1. I'm trying to understand the selection: among the residues of segment B:329-361, which are of a type in the set (A, V, I, L, M), over 28 Å from the mean Cα position of the chain (by Cα), surrounded by 16 or more Cβ atoms within 10 Å (Cβ to Cβ) and away from every other protein chain (no Cβ under 14 Å)?
2. List, please: which pairs have Cβ atoms under 6 Å, are six or more places apart or on different chains, and start with a residue in segment B:135-148 that is on the phi < 0 side of the Ramachandran plot and end with one that is in a loop (DSSP other than H, G, I, E, B) and of a type in the set (A, V, I, L, M, F, W, C)?
3. Check off (1) in contact (Cβ under 8 Å) with a residue 60 or more places away in the chain; (2) in contact with a His (Cβ under 6 Å, 6 or more places away or on another chain); (3) not aromatic (Phe, Trp, Tyr) for A:Ile337 and give me the number that stays unchecked.
4. With the requirement that a residue be in contact with a strand residue (DSSP E or B) (Cβ under 9 Å, 6 or more places away or on another chain), under 12 Å from A:Arg90 (Cβ atoms) and not in a loop (DSSP other than H, G, I, E, B), what does segment A:39-75 give you?
5. Looking for whichever is surrounded by 22 or more Cβ atoms within 10 Å (Cβ to Cβ) and at negative phi here; the options are A:Ile334, A:Ile315. Which one fits?
6. Out of (1) in contact with a helix residue (DSSP H, G or I) (Cβ under 8 Å, 6 or more places away or on another chain); (2) more than 20 Å from A:Gly159 (Cβ to Cβ); (3) surrounded by 21 or more Cβ atoms within 10 Å (Cβ to Cβ), the odd one out for A:Leu286 is which?
7. Got at least one residue in segment A:318-337 being in contact with an Asp or Glu (Cβ under 6 Å, 6 or more places away or on another chain), assigned to a loop (DSSP other than H, G, I, E, B), polar (S, T, N, Q) and within 24 Å of A:Leu400 (Cβ to Cβ)?
8. Within segment B:188-224, which residues are assigned to a loop (DSSP other than H, G, I, E, B) and either of a type in the set (D, E, K, R) or farther than 29 Å from B:Leu25 by Cα (or both)?
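The values are calculated or read from the model by the stated rules, or taken from the named source; none is laboratory data. The model shown is predicted, which means the values in this text are computed figures rather than measured ones. Glycine gets a Cβ as well: all are built from the backbone with ideal geometry, and neighbour counts include every protein chain shown.
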Amino acid sequence: MVSSMDEKVVAVIMVGGPTKGTRFRPLSLNIPKPLFPIAGQPMVHHPISACKRIPNLAQIYLVGFYEEREFALYVSAISNELKVPVRYLREDKPHGSAGGLYHFRNLIMEDDPSHIFLLNCDVCCSFPLPEMLEAHRKYGGIGTLLVIKVSPESASQFGELVADPVTNELLHYTEKPETFVSDRINCGVYVFTPDIFTAIRDVSSQTKDTATLRRVSSVEALQPATRNSTDFVRLDQDILSPLAGKKQLYTYETMDFWEQIKSPGMSLRCSELYLSQFRLTSPQVLASGDGTKSAIVTGDVFIHPSAKVHPTAKIGPNVSISANARVGPGVRLISCIILDDVEIMENAVVTNAIVGWKSSIGRWSRVQAEGVYNSKLGVTILGDSVAVEDEVVVTSSIVLPNKTLNVSVQDEIIL
Amino acid sequence: MKALILVGGFGTRLRPLTLSFPKPLVDFANKPMILHQIEALKAVGVDEVVLAINYQPEVMLNFLKDFEAKLEIKITCSQETEPMGTAGPLALARDKLIDGSGEPFFVLNSDVISEYPLREMIEFHKAHGGEASIMVTKVDEPSKYGVVVMEETTGKVEKFVEKPKLYVGNKINAGIYLLNPSVLDKIELRPTSIEKETFPKIAAAQGLYAMVLPGFWMDIGQPKDYITGLRLYLDSLRKKSPAKLTTGAHIVGNVLVDETAKIGEGCLIGPDVAIGPGCVVESGVRLSRCTVMRGARIKKHACVSSSIIGWHSTVGQWARIENMTILGEDVHVGDEIYTNGGVVLPHKEIKSNILKPEIVM
């Protein structure tokens, strides 16, 4: 008899594509959103390293629409670093969130896994995956969703659901309802048994008269044969809603933080959340200093080992400084993300901003915003290679790559 | 004869169009901006064009191979590793520009659109015998630019005055030069300004002459000037090769339509409209003072004025697009939508009205 210790688990992380998620511009103009650094690591690194904690993890698949070459380097580096096979699979055309999973089912089932995790790359949370798996085994259904309680006002942006308080069974599910249904929402993290593929297949065959049951090889699936809507299956509307209340789906509630990284401003908020999580799980990753040998650090701060920060600078709280950045004397950084190769000159102040790769911030200049993470100009964003000249003030603005600002600006988008 | 075209950098002022293609490849009057200049140079016997670029050389090189073959002219790139200003690139490309024949070479600024009277410029250059010739153009507000102060009869240049506060003249540098190879000896290989360093030197030695550019001139580096430039260009086309313009009951004023574009029934097109290759304009559409780029579709009953519709975009039925709306590549404006000066980045859908000018990322 196969004990649960021998059962393998596969994780699938949906990473999206370049023409989707234009909300993340201008940060996504020159880098795929999943590779944008949050708390010092690419966004997708956080769910990937959470998957590493799952016992008997056999494989991680990243599924998306980006060109293979955009992920090639990252995937081989992270496989080496974490010693777990990570592979990027490119969807040829939109299949919907469940259709995409189904499309690659042959590869996913190669290791004969007993359970399959499905995560969305732009979810920011504590990913309690081993705990979810244990709960799922007890429930005995075909799937378990991670859920969280939110404020009633914000709930309508998400999938709202109702769960049985005793059995945790998913009783009702509805996506972005107009009227209030529930303050429990779908976090976008799931664990399934392989029966999920049958459920997806049943949904797609219901929409066609002839229910032909064939195992389509992945090569055949790539042929542009009959373009029909049976290929397109959404997880929320087509699987979760219909199966709710049938003792097939269950919920696991997280009491930790949860956010979605849809806009650039949210990446600053999520950086803050992950940095505070590091404080609990791996405090050695965070920076410290008192101004004697190294800069004064207050609150949760990440400084890449190759970055140079002058001892008279004061950094934090909630600051991430990436590789090869140079922070000059007397600089003050509060609530910001400083990307690779940025140069910040003497006495400059950066607060509530994201400073793009290779940008330069002049002496006594000030880059600031109010720090309202979800509003369009709530966090100032400087794209790659933006030069802010000495003494210039940039307030609540977005500046596209390769611009030089020699006059102060406020509440502007600069193309 | 050789020529150098100063292409320079990122073309940020022409965003969102330059987010999809480097500026020289952005279409103007249905062909890539730089092709207008390369064709004009080929017509006066230039056999090699050097492009001084510092951005996306790979994208450029692919297109250039195509032009090289079609036009039978040699096109090479000189890549700046750091911005070299307006004269530095000449020094960088020195070996390509000097072929031992002693002939002068052209230098053009890629943002400029004009009638390119290059043959007249060659005659002018031979006649005065000086080291360098520069085209100047008359403008209404000279203090926005660098003014070239010159002797009216001979064209001999006395000096350059940058943004003069008091009136010193109304002719500005049009960005078209014809230079003897000896000019290259005067340019060091470092970031240099041709107006601030090189030309004043030559002028002091009485070797710089200016010719007033006949016909239109426009710097089309930003959308507003792009639209004005199209009007001037089509005006000039009406005078020089009217057969290229489209005529018909549904056409008003100067309109240029690519032969592969389709126009439906009951439309009214013009004045000052360019419709690119593969475009589809459905029936009942009104277009005025606008550019419709390759592969775009304008659906029935829509009305577009004073705007630029980017490659492969669509404008929905009954939509109204006006007042400097710029749609980037692959932008889809829904049916019945109104946009007033919206600037939309590539790969977007517009499903709600844009009531006042705004940037949609």
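1. Just the residues of segment B:329-361 that are of a type in the set (A, V, I, L, M), to begin with: B:331, B:333, B:337, B:343-345, B:350, B:354-355, B:359-361.
Imposing the further condition that a residue be over 28 Å from the mean Cα position of the chain (by Cα) reduces the set to B:337, B:350, B:354-355.
Imposing the further condition that a residue be surrounded by 16 or more Cβ atoms within 10 Å (Cβ to Cβ) reduces the set to B:337, B:350, B:354.
Within segment B:329-361, B:Ile337 is the sole residue that qualifies.
2. From residues that are on the phi < 0 side of the Ramachandran plot, the pairs are B:Met135/B:Leu213; B:Thr137/B:Leu213; B:Val147/B:Val168.
3. Here A:Ile337 meets the rest and fails (2).
4. A:Tyr61, A:Leu62, A:Val63, A:Gly64, A:Glu68, A:Glu70, A:Phe71, A:Ala72, A:Val75
5. Values: A:Ile334 fails: surrounded by 22 or more Cβ atoms within 10 Å (Cβ to Cβ).
The unique qualifying residue is A:Ile315.
6. With (1) in contact with a helix residue (DSSP H, G or I) (Cβ under 8 Å, 6 or more places away or on another chain); (2) more than 20 Å from A:Gly159 (Cβ to Cβ); (3) surrounded by 21 or more Cβ atoms within 10 Å (Cβ to Cβ) applied to A:Leu286, the lone miss is (3).
7. Here is the first cut: in segment A:318-337, the residues in contact with an Asp or Glu (Cβ under 6 Å, 6 or more places away or on another chain) are A:318, A:322-324, A:326, A:328-330.
Filter once more, so that each one left must be assigned to a loop (DSSP other than H, G, I, E, B): A:318, A:322-324, A:328-330.
Subset that is polar (S, T, N, Q): A:318, A:322, A:324.
Narrowing the set further to residues that are within 24 Å of A:Leu400 (Cβ to Cβ) leaves A:322, A:324.
Scanning segment A:318-337 turns up at least one residue that is in contact with an Asp or Glu (Cβ under 6 Å, 6 or more places away or on another chain), assigned to a loop (DSSP other than H, G, I, E, B), polar (S, T, N, Q) and within 24 Å of A:Leu400 (Cβ to Cβ).
8. Step one: filter segment B:188-224 for residues assigned to a loop (DSSP other than H, G, I, E, B), giving B:188-191, B:193, B:205-207, B:213-216, B:220-222.
Within segment B:188-224, B:Glu188, B:Arg190, B:Ala205, B:Gln206, B:Gly207 meet the criteria.
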